[in-house]
């Protein structure tokens, strides 16, 4: 920890008001933190969006002009849609309605207030806001939606309403330039509606490109997204990886998007051995399979109306396709087929990380969200395992450059001062003092910005020595949910996978889903 610079004035430079009360938080030319948060939200990276939006909120005291309607709307939407935390969602929706009564999107916000109140079984208040909604010009569609969805709004998400066939959609590639696709077997090129466009011979390479939202294959324009399906059930190669199932190829501006559609269980074949070592004990692999399946299932429910459910990277969970599969991992998936973690009949957001450093973290201390079972537990099983203790030396210029890339133009960084820690020791609020001013970030956002491979957790101390910042910390990852190395230790000590899961996710049940209906496990 370094001393705070004397009489430092907190400034956030380069503000630019956009139309429709768009939050700016412009710290410099180019990207802004709120803009990056909005992009993450649009693309389904909810927790990163939440972390960055809360950083914007954290700095409102010094720059009240950053307080915008869209900031509060988006924060409310993340808590409402993704985390189902109605208390936090209403906090932001009510604040928006009070401060920005003329916000153009107030009808949608008011409709969500009604749904949240109904979900909380506060019928009288819900009816009060339904009356307000009816008075808003152009709100007829929202009124109809709220009325038609009354039953769903009261009961919340139904874990029995899984994506038909339990097929998951994984964004495996989004890239500019030529994307090459081929298979050792025959393929069919299909219209997005299933109509056959042409048959593809074995070992035929296809080249997809995108420009201004238009897709081409082998230099021939395509008016719509297409699907590729192997006739012989052989994997399809994209770049250096091979994928089971089918591929959906589309254009997003000048980028080619490739989404792998496949059975959830076969998807897990390519996840488990990329998340943990397939040489780990059987019970640890089973615990990982159930946690990964639950995480995937949760996103299948939340993103049913989107183009994809999860990413193939650490933005979701790592998926390496068919080449990454291993017999031990496949056995773990098969042994736990269909099993997910639930609480009160609903799928859990089953977060996990590499090493807790001796104590897992509560969800509320990282993202300020209240999710059942994501609480802090003592974790001696993670002690003396990889990632338990770490140290990293970082040049202040590198930190400044990373902050600038996220719109935080504070100049040369002179001090990093932890302002608030959770009971586990993780930093909740960090003050960054620069030559151009100061800014506050959550420990989680600072770690993401500077680089999570270097700043391995938010449980760290920092000193300024010989011109560099020296970070000394414990744990690897955000710390919420299951510690993977802790699970490995527990398995070696004889714990079953269900005991491991119960330890890291207190109060959960393991349920198996057959024909989209839960069949509770006994014992």
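What follows is calculated from the coordinates using simple rules that are stated; it is not laboratory data. Bear in mind the structure is a predicted one, so any value in this text is a computation, not a measurement. Please note: Cβ atoms are built from the backbone with ideal geometry, for glycine as well, and neighbour counts cover all protein chains shown.
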- Which of [x] 22, 55, 22, 1; [y] 20, 51, 28, 0; [z] 18, 40, 29, 12, 1 is the computed P(r) over Cα pairs in 20 Å bins from 0, in percent for the structure on display? [y]
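Give the shape of the stretch 178-253 as rounded, prolate or oblate, defined through the alpha-carbon gyration tensor: a ≥ b ≥ c are the square roots of its eigenvalues, a/c under 1.5 means rounded, and otherwise the shape is prolate if a/b is larger than b/c and oblate if not. Let's see the in-between values first.
Working: a/c = 1.82, a/b = 1.41, b/c = 1.29.
Prolate, since a/c reaches 1.5 and a/b exceeds b/c.
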- Dividing the helical contributions, -39500 (n - 2.57) per DSSP H run of n ≥ 4, by the residues of the chain yields a 222 nm value, nearest 500 deg cm²/dmol, of -9500 deg cm²/dmol
- Message: I'd like the distance between the alpha-carbon centres of the stretch 280-312 and the stretch 344-368, rounded to an integer number of Å.
- Response: 15
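Given 0.36 nm per residue, what is the gain on full extension from residue 224 to residue 496 after removing their alpha carbon distance, in nm?
On the way: separation 272, 0.36 × 272 = 97.92 nm, distance 4.86 nm.
Between residue 224 and residue 496, full extension yields an extra 93.1 nm.
Would you list 277, 51 from fewest to most Cβ contacts within 10 Å? Show your work: numbers first, answer last.
On the way: 277 15, 51 25.
Neighbour counts put them in this order, fewest first: 277, 51.
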- Message: So if I take the centroid of the Cα atoms in the stretch 407-445 and the same for the stretch 317-342, what is the distance between those two points in Å?
- Response: 39
- Item | FRET efficiency for residue 216 and residue 102, using Cβ-Cβ distance with R0 set to 60 Å, rounded to 0.05 | 0.85
- Note on the structure: Here the FRET efficiency for residue 131 versus residue 307, based on Cβ atoms and R0 = 30 Å and rounded to 0.05, is 0.25
- With each pseudo-label sitting 7 Å past Cα toward Cβ, what's the residue 31-residue 395 distance in nm, one decimal? 2.0
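On a full-extension model of 0.36 nm per residue, what is the gain between residue 186 and residue 62, subtracting their alpha-carbon distance, rounded to one decimal in nm?
Working: separation 124, 0.36 × 124 = 44.64 nm, distance 6.19 nm.
Net length gain for the segment: 38.5 nm.
So how do 256-262, 339-345, 212-218 stack up, highest first, on mean other-Cβ count within 10 Å? Can you show the working numbers first?
Working: 256-262: 22.9, 339-345: 20.1, 212-218: 14.0.
Sorting 256-262, 339-345, 212-218 by mean packing, highest first, produces 256-262, 339-345, 212-218.
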